[in-house]
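**Student:** If you scroll down you'll find the structure; I have some questions about it.
Derivation of every value follows stated rules applied to the coordinates shown; laboratory data play no part. Since the structure is predicted, the reported quantities are computational estimates derived from the model, not experimental observations. Reconstructed Cβ throughout: ideal geometry from the backbone, glycine too, with neighbour counts over all protein chains shown.
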């Protein structure tokens with residue numbers, strides 16, 4: 001189905017990269033919150049982690065399947081990105097556990113998370129998102145937009 005000329009949906013690369021930037025902003029807010037304000041830190045982290053988990057679920061459920069279809073090199077890339085998602089979720093859980101234990105530094109885990117996220121997001125934005133722009137049907141792009149932005153579409157998860 002072709003999109004009408006005035007269809008307001010953005011290309012998938014813009015939707016997803018924009019979400020990356022919003023996630024970066026939320027993480028920076030968490031990092032800027034003093035350790036002494038442990039309840040606020042936990043709250044900011046939980047919000048960031050829930051939004052990141054939602055982003056991961058949208059990619060895995062809606063986007064990776066069509067990307068990996070029929071092409072072994074893209075399937076291998078999906079496997080790598082799924083591995084990175086598991087690593088990201090693992091670090092998120094370790095930060096969450098440390099924050100739950102009381103006011104203490106999470107700087108080492110924050111650095112680990114930033115390193116994994118930077119490499120992962122760069123790979124997606126340079127190698128995967130352009131393919132989405134060229135190949136995804138508009139109804140799927142609308143579903144991605146809806147799940148990334150509409151209230152009430154938060155994915156269930158550990159956060």
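**Student:** When only Cα pairs under 8 Å and 6 or more residues apart are kept, what is the percent relative contact order across the chain? Intermediate results must be reported in sequence, preceding the final value.
**Tutor:** Numbers: 118 pairs, mean separation 60.9, N = 159.
Relative contact order for the chain comes out at 38 percent.
**Student:** Compare the peptides 97-109, 33-45 by average per-residue count of other Cβ atoms within 10 angstrom and give them in order, highest first. Kindly include the intermediate steps, with their values, before the conclusion.
**Tutor:** Working: 97-109: 12.8, 33-45: 14.9.
Packing order, densest peptide first, comes out as 33-45, 97-109.
**Student:** Here's a follow-up. Quick one: helix 107-123 against the long Cα principal axis of the chain, what's the angle to the nearest 10°, folded into 0 to 90?
**Tutor:** Relative to the chain, helix 107-123 is tipped by roughly 10 degrees.
**Student:** Nearest 10 degrees, 0 to 90: what angle lies between the long axis of helix 38-58 and the longest principal axis of the chain (Cα atoms)?
**Tutor:** Roughly 20 degrees, rounded to the nearest 10.
**Student:** Pulled fully out, how much extra length does the chain show between residue 123 and residue 9, if you take 0.36 nm times their separation in residues and subtract their Cα-Cα distance? Could you put the intermediate results ahead of the total?
**Tutor:** Details: separation 114, 0.36 × 114 = 41.04 nm, distance 2.34 nm.
Full-extension gain reported as 38.7 nm.
**Student:** Per residue and in cubic angstrom, what volume does the convex hull of the Cα atoms of the stretch 92-143 have?
**Tutor:** On the way: hull volume 4.7 nm³, N = 52.
Convex hull volume per residue, Cα atoms: 91 Å³.
**Student:** Let me check against my output: what whole-number percent is the relative contact order of the stretch 35-105, with C-alpha pairs under 8 Å and at least 6 apart? Don't jump to the answer; show the numbers that get you there.
**Tutor:** Details: 30 pairs, mean separation 36.2, N = 71.
Here the relative contact order equals 51 percent.
**Student:** Further question on the same structure: Could you work out the helix-only [θ] at 222 nm for the chain, with each DSSP H run of four or more residues adding -39,500 (n - 2.57) and the total divided by the number of residues, to the nearest 500 deg cm²/dmol?
**Tutor:** Numbers: 7 runs with 112 residues, N = 159.
Helix contribution divided over all residues of the chain: -23500 deg cm²/dmol.
**Student:** In nm, to one decimal, how far is the modelled label at residue 46 from the one at residue 93, with both set 7 Å along Cα→Cβ?
**Tutor:** Distance between label points: 1.9 nm.
**Student:** Calculate how steeply helix 72-100 sits against the longest principal axis of the alpha-carbon atoms of the chain, using the helix alpha-carbon long axis, and give the answer as 0 to 90 degrees to the nearest 10.
**Tutor:** 20
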